[in-house]
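For reference, the structure discussed in these notes is given below.
The values are calculated or read from the model by the stated rules, or taken from the named source; none is laboratory data. Computed from a predicted structure; not experimentally measured. Cβ placement follows ideal geometry from the backbone for every residue including glycine, while neighbour counts extend to all protein chains displayed.
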Amino acid sequence: MKKIAVLTSGGDAPGMNAAIRAVVRGAISYKLQVMGVFRGYQGLIDDDLHDMTSKSVSNIIHQGGTILKTARCKEFPTKEGRKKAFYNLRKHDIDGLVVIGGNGTFTGAKLLGEEFNFPVIGIPGTIDNDLYGTDFTIGFDTALNTVVDAVDKIRDTATAHNRLFFVEVMGRHAGFLALHSAIASGSEAVFTPEVDGDMERLYDFLRNKFKKAKSSSIVIVAEGTKEGNAITISQKVTEDFPEYDTRVSILGHIQRGGSPSPFDRVLASELGVAAVRALIAGKKAVMMGLESNKLVEVPFDDAIFKKKDLDPRMVGLVGVLSI
Ligand code: F6P
């Protein structure tokens with residue numbers, strides 16, 4: 001292995017820059033040349049590859065977003081697109097690729113690796129924390145801090161007006177951000193895609209607890225919940241409980257930005273160097289992860305297709321603590 005490339009793909013996540021820095025500097029430390037691919041798989045197809053030096057990644061560890069840019073590429077899922085990408089990898093004499101992203105990124109990586117027998121290593125970067133095989137993905141902790149900070153502020157105004165707030169958070173089809181932010185912000189109820197009966201529990205809370213003990217309440221709604229979204233859930237509650245003064249706040253892309261937390265920077269640094277070491281060791285088609293504080297290699301097939309469940313210990317906490 002003499003030369004590798006690195007790219008970020010899919011939705012950006014805080015800490016991706018720290019991961020790029022770790023891959024670039026890790027590669028240089030092990031005497032490899034390294035190129036950065038701009039705009040994810042689209043850049044691989046368009047030959048948007050550039051030499052990276054230690055200096056190219058100076059002063060980025062604290063920055064959100066990704067200096068390599070990212071894209072959701074429509075051409076890469078086609079065989080023709082992947083052929084162009086592989087042609088460019090060969091053209092630059094690249095022997096291995098590190099991809100930083102989520103489920104879609106690893107699906108593309110798996111196909112590229114299988115079709116051309118090319119070594120690709122994944123680093124989990126998504127605020128959704130929805131990748132099987134790793135306890136945490138890069139960006140989740142920062143997004144969680146952003147959500148909790150926002151909810152703390154919302155609670156001030158909710159309490160001032162005795163209001164019931166529905167706060168919608170990201171996560172796509174997963175409820176990790178919703179569940180963890182609900183616990184950390186002391187929210188009174190939470191809706192997640194994974195758990196049934198959230199509406200019934202909210203109604204029980206509104207009938208039996210809110211009136212007796214609360215001057216305000218926060219309900220966290222994961223964007224992927226089966227019950228609808230924060231607006232439709234709030235409308236239904238307002239119809240059934242007209243006595244409550246309800247408001248909705250959709251946090252949106254604020255959750256993807258900002259300087260990465262120290263936790264995400266450390267995770268990204270560790271996984272970035274581990275990805276380079278894995279390529280040097282001849283590994284392919286695995287995602288580097290952290291499980292019970294141990295570095296692990298997770299086959300792409302597991303990371304992509306196995307479902308990561310919410311921790312059952314966490315699921316009941318919000319209800320227990322909202323008395
Ligand atoms: O996967 C990260 C994520 O932020 C999800 O939580 C969200 O559903 C999605 O990306 C939004 O994607 P986009 O920025 O393309 O609208």
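Per the conditions (1) within 16 Å of the ligand (Cβ to nearest atom); (2) assigned to a loop (DSSP other than H, G, I, E, B), the sole criterion not satisfied by N59 is (1). Checking each residue in the stretch 8-43 for being touching a Lys or Arg at 6+ places or on another chain (Cβ under 8 Å) and more than 16 Å from the ligand (Cβ to nearest atom) picks out A18, G26, Y30, L32, Q33, V34, M35, F38, G43. Does at least one position in the stretch 261-272 carry a residue that is more than 18 Å from the chain's Cα centre (by Cα), crowded, with 16+ Cβ neighbours inside 10 Å and either not charged (D, E, K, R) or not assigned by TED's automatic domain parsing to the domain that holds D130 (or both)? No, every residue in the stretch 261-272 fails to be more than 18 Å from the chain's Cα centre (by Cα), crowded, with 16+ Cβ neighbours inside 10 Å and either not charged (D, E, K, R) or not assigned by TED's automatic domain parsing to the domain that holds D130 (or both). Residues that are within 16 Å of the ligand (Cβ to nearest atom), in contact with a helix residue (DSSP H, G or I) (Cβ under 8 Å, 6 or more places away or on another chain) and either assigned to a loop (DSSP other than H, G, I, E, B) or on the phi > 0 side of the Ramachandran plot (or both) within the stretch 231-256 comprise just one, L251.
What about A222, is it closer than 17 Å to G125 by Cα and not polar (S, T, N, Q)? Spell out how you get there, then give the answer.
Details: closer than 17 Å to G125 by Cα: no; not polar (S, T, N, Q): yes.
No; evaluated as a whole, the condition is false for this residue.
Report whether or not V276 is in contact with an Asp or Glu (Cβ under 8 Å, 6 or more places away or on another chain) and touching a residue at least 60 places away in the same chain (Cβ under 8 Å). In short, no.
Those residues that are farther than 17 Å from T8 by Cα and surrounded by 15 or more Cβ atoms within 10 Å (Cβ to Cβ), I need them from the stretch 280-298; list them, please. Result: I280, K283, K284, L290, L295, V296, E297, V298.
Kindly evaluate F106 against the criterion of being in a helix (DSSP H, G or I), within 16 Å of the ligand (Cβ to nearest atom), more than 30 Å from A213 (Cβ to Cβ) and not acidic (D, E). Yes: the conditions hold for F106. A single member of D130, D141, D135 is within 12 Å of the ligand (Cβ to nearest atom), of a type in the set (D, E) and under 13 Å from the mean Cα position of the chain (by Cα), and it is D130.
If you go through the stretch 205-230 and keep only what is more than 16 Å from the ligand (Cβ to nearest atom) and not in a loop (DSSP other than H, G, I, E, B), you end up with F205, L206, R207, N208, K209, F210, K211, K212, A213, S217, I218, V219.
The numbered conditions (1) away from the ligand (no atom under 16 Å from the Cβ); (2) under 25 Å from the mean Cα position of the chain (by Cα); (3) part of a loop (DSSP other than H, G, I, E, B); (4) more than 21 Å from L271 (Cβ to Cβ) are all true for T53 except (2).
Among the residues in the stretch 158-176, are any under 20 Å from P260 (Cβ atoms), in a helix (DSSP H, G or I) and not assigned by TED's automatic domain parsing to the domain that holds S269? Within the stretch 158-176, one or more residues are under 20 Å from P260 (Cβ atoms), in a helix (DSSP H, G or I) and not assigned by TED's automatic domain parsing to the domain that holds S269.
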